[in-house]
Each structure stands twice: as C-alpha cells, then as structure tokens.
1. Could you say which residue among Asp204, Asp243 is among the acidic types (Asp, Glu) and under 19 Å from Ala162 (Cα atoms)?
2. It is to be established whether one or more residues within the range 241-250 are without any contact (Cβ under 8 Å) to a residue 12 or more places away in the chain, out of contact with any helix residue (DSSP H, G or I) (no Cβ under 6 Å at 6 or more places or on another chain) and either hydrophobic (A, V, I, L, M, F, W, C) or not assigned by TED's automatic domain parsing to the domain that holds Asp230 (or both).
3. Would you confirm, using the coordinates I've provided, whether Ala296 is assigned by TED's automatic domain parsing to the domain that holds Ile157 and closer than 25 Å to Pro69 by Cβ?
4. Consider Asp204 against the criteria (1) of a type outside the set (S, T, N, Q); (2) in the same structural domain as Pro158 (by TED's automatic domain parsing); (3) part of a helix (DSSP H, G or I); (4) closer than 18 Å to Ile151 by Cα: it satisfies all of them except one. Which criterion is unmet?
5. Can you confirm whether Ala213 is part of a helix (DSSP H, G or I) and in the same structural domain as Thr194 (by TED's automatic domain parsing)?
6. Which of the following residues is among the hydrophobic types (A, V, I, L, M, F, W, C) and out of contact with any Phe, Trp or Tyr (no Cβ under 7 Å at 6 or more places or on another chain): Ala224, Ala169?
7. Just one of (1) free of Cβ contacts under 8 Å to residues at least 60 places away in the same chain; (2) assigned to a strand (DSSP E or B); (3) farther than 18 Å from Phe125 by Cα; (4) not charged (D, E, K, R) trips up Gly184, so point out which.
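The values are calculated or read from the model by the stated rules, or taken from the named source; none is laboratory data. As the structure is a prediction and not an experimental result, all values here were calculated from the model. Counting neighbours? That spans all protein chains shown, and the Cβs are built from the backbone with ideal geometry, glycine included.
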Amino acid sequence: MFTSRSRAFALAGTLAVVLAACSGSATPTPAAPSPSPAPSVAASVAPAASPSPAASPSPAAPSPVATVPAAELIDAGKLTVCSDIPYPPQEFFDANGDPTGSDIDIGAGIAARLGLTMTVNNTVFDTIIAALQGGKCDIIISAQNITSDRIKQVDMIPFFQAGQSFVVAKGNPKGITSTDSLCGLNIAAETGTTEINYLQGTGDYKGSGLTQACTKAGKPAINAKEFEKDSDALLALQAGQVDAYFADSPVAGYYTVQHADQFDLAPVPPLQPALEGISVANDAGHKDLVTAVQAALVSMINDGTYLQILTKYGDQSGAITADVAGQLNKVQ
C-alpha cells in the first residue's frame, strides 16, 4: 500500500516546501500561511519513498527519570514507536523523509528521559493496536483518542487533547454550516478513527452518531467514506470524490492554512476536545514501561519541554497538565 502510493506521489522534494512551516528550527504556527504558493495536496501528503521504519535521534535531556527493564522492550536500548504518518502537524515526513511533528518530538523526548533512542515504525492506523500487541513497537504515539473500546485493549497515557473538524472545498460549495447539513453527503475519514465512529454511530458513539441523527430527523443518512490512510481521505476531497474531509482539528486547520486556495474549514462547531493517549500493552510484562513512559511525560510537562514542542508545531492549544497526564485510561 505504501509502495503504490509512493510511485504515484513520490514528490519528497516538493514536500519540503509544504512542510517548511513545521519542520524548521523556528516556532511557526498553523495560523500563518506559507509565503510561497503551496503545491498540490498530493505532494504534501505523500509519504517518504521507503516504507521501512525510520530512526529518529533523541534530543538531549536530563538524567533518566526511570529505567525500563530490557525484557519489556523489543530492542534493548531503543524505544520503538508506532505512528501513522502523515497526519500533520502531529506526525509527518520532513524534507529528508524522516518522521517529525509534535507527537514524534514528544516520543523522542520520552525516549531520551528513559535513556533510550527512539525508532519510528510507520503503521496503518486501523491496525496500529494490533501492531503493538504483535510486538512491532513498544508504544503508540499517533493522535489516538482515548476511548472505552481502546482501553479494553491497551493502557493509554493522556498526552494531548483535540477536537474534530470538517474541511470542505474552497468556498464551501455544499453549504455545510451545521451537522444537519451533512445529511446525505459523502464524508471522508480514516478507518478506525473517532471520526468514523462519530459519523456512523459506532464505538463510543454507538447508536448516537451523526447518521442516526439524520435519519431520526427524516433526512438521508451520511455516506461515510473510509480510507486506510488519512492522506487518501484528504486527496478524495481534493479530487471532488467527497463533499468533506473529517479529521482532528489540528490536522484540519493545518491543511486549510497550507492550502488556503483549495480548502476551507466548515463553520460546523468542532466536537468537544477529546484526550489523546500514548498506548502501551496492558499486560503484566509491560507494567514498568507504562510507569516509566508516564513519568517521562510528566517530567517534560513540568519542566516546560512539552509546551515548547507543542508551540513549535502550533499545537499548544491542545496542551494538558501534569495532573491529567498522571491519570491512566482517562476517557472524557
């Protein structure tokens, strides 16, 4: 799947231009458009040519705040992170094809505070928990909302919060101004996400999703179009195959700024912010890893490193407190 998309959109050089607002050493925010014309969305969301896991260096950090037994790691001395890329500004590829973004930097900071080196494994979101359980990674950091369904499978450490928003074609040709105006339309979202659950009335929204609200009001149901990669959902909107793209608010905002000539945010109130979590296997063999990752994250929040990372990528509005990060499996 990654290979075929790489053949179609192998534009890593162009990617550097689009993502300049998030990959530099300055502290840009999504509120400021790129000064140069943005290339096509196909270029901006293309993954690196190689689908293999990419190593990311951990930044300098204080002395380790905790020690993880080697038996609880896939590879001794390394913290292997599963993340579904691209999902900017939280995770995407930089000009060199390396993983970057606020989630990736937080993962690197956690690794450094545990005396480890981080490695990133690009993983399809719908199978990312299975990848963790199957030993493909030690933790998941991938804009993953904490839900009751997920905490039955993994332990989740709160690390961020975000609402969800709709992106429409420039000028909002379908006149989407409320959830009611979504009825009967084709809405794109990534498989396995909160967005799909909310559209279809599944998962934590069982029986109370947007399509059920439409049919109860005597209106046609929403046609939720699922895509294995979030970037493909956005491309469907660009191609006119769907009427809106549904994603977490930081991501939706990022794309409408980077491609202001193509997209607008629909004036639909975003969902209430939901906590996102770092997932760790919830078995007896990973208890020390859960405690250590949580301690490292709290340490980053307390000394300001965490907020610096979020501000670098324009994600500071989603910051949480150390008290919240210290709570395991917190569903809002």
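1. That would be Asp204, the only listed residue that is among the acidic types (Asp, Glu) and under 19 Å from Ala162 (Cα atoms).
2. no
3. It is true that Ala296 is assigned by TED's automatic domain parsing to the domain that holds Ile157 and closer than 25 Å to Pro69 by Cβ.
4. It is condition (2) that Asp204 fails.
5. For Ala213, the condition - part of a helix (DSSP H, G or I) and in the same structural domain as Thr194 (by TED's automatic domain parsing) - is met.
6. Criteria check complete, one pass: Ala224.
7. (2)
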